[in-house]
Amino acid sequence: ELKVEQNPLFLSMQEGKNYTIYCNYSTTSDRLYWYRQDPGKSLESLFVLLSNGAVKQEGRLMASLDTKARLSTLHITAAVHDLSATYFCAVDPRPSGTYKYIFGTGTRLKVLA
Amino acid sequence: NAGVMQNPRHLVRRRGQEARLRCSPMKGHSHVYWYRQLPEEGLKFMVYLQKENIIDESGMPKERFSAEFPKEGPSILRIQQVVRGDSAAYFCASSRGYGEKLFFGSGTQLSVL
């Protein structure tokens, strides 16, 4: 069974600090997604990583993918309060014959002013 | 271009009642996916449908749960004889085709009293 694990599960950090969220998965995959979810809201797509070594950046967030290590990271630079949310990674487990995402457990980030 | 529309936003049912959750995909999208999110957990895949066809229902409980995506109208996730354990947020997503990016709706929060 494919497993997707994130750590940490909870992260409280000061504004201006840097930190990394890790996403490990247990089977081969070359598609990984990062989503943001605010309380009571839907998921907002942040990044789509499609190949080994892919790196994408948007503002203070940068995501990378290492398919050999089965690891993706989401790096936060100089955090601000607005980044407080829950962040999910999701793996596309193809070729499974069907299309569905397997989500990680989520990392709840709280940025303290 | 409206996004994925789900209704109702909140649904309260008593044990033993039926719950019907609706999802209208984005314009031009013919693939629909249902996910369930329990409190403090990530989303878990339930079912993948195309128009008039269930492609993958491996995440659906074998009893009480059913889904459809008729030729006309929204996709429906139906839960018969609800129990307290069915309380969760149910998210629908749609995509233009197989392997295409998923877009999520705002979810339906089901509360079973």
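The values are calculated or read from the model by the stated rules, or taken from the named source; none is laboratory data. These numbers were taken from a predicted model, which means no experiment stands behind them. Every residue, glycine among them, receives a Cβ derived from its backbone with ideal geometry; neighbour counts consider all protein chains shown.
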Go through B:Gly105, B:Gly99 for me and flag whichever is within 13 Å of chain A (Cβ to nearest Cβ) and within 22 Å of A:Gln37 (Cβ to Cβ). B:Gly105
Output the residues belonging to region B:10-25 that are within 14 Å of the chain's Cα centre (by Cα) and more than 11 Å from chain A (Cβ to nearest Cβ). B:Leu11, B:Ala19, B:Arg20, B:Leu21, B:Arg22, B:Cys23, B:Ser24, B:Pro25
Restricting the search to region B:59-96, which residues are touching a residue at least 40 places away in the same chain (Cβ under 8 Å), under 13 Å from the mean Cα position of the chain (by Cα) and more than 13 Å from chain A (Cβ to nearest Cβ)? B:Pro74, B:Ser75, B:Ile76, B:Leu77, B:Arg78, B:Ile79, B:Asp86, B:Ala88
Tell me yes or no: at least one residue of region A:8-28 is more than 13 Å from the chain's Cα centre (by Cα), acidic (Asp, Glu), assigned to a loop (DSSP other than H, G, I, E, B) and modelled with pLDDT under 90. no
Answer yes if at least one residue in region B:35-51 is more than 10 Å from chain A (Cβ to nearest Cβ), surrounded by 14 or more Cβ atoms within 10 Å (Cβ to Cβ), touching a strand residue (DSSP E or B) at 6+ places or on another chain (Cβ under 9 Å) and over 23 Å from A:Asp92 (Cα atoms), and no otherwise. no
Being more than 14 Å from chain B (Cβ to nearest Cβ) and either of a type outside the set (S, T, N, Q) or closer than 15 Å to A:Val4 by Cα (or both) narrows A:Tyr22, A:Tyr87, A:Tyr35 down to just A:Tyr22
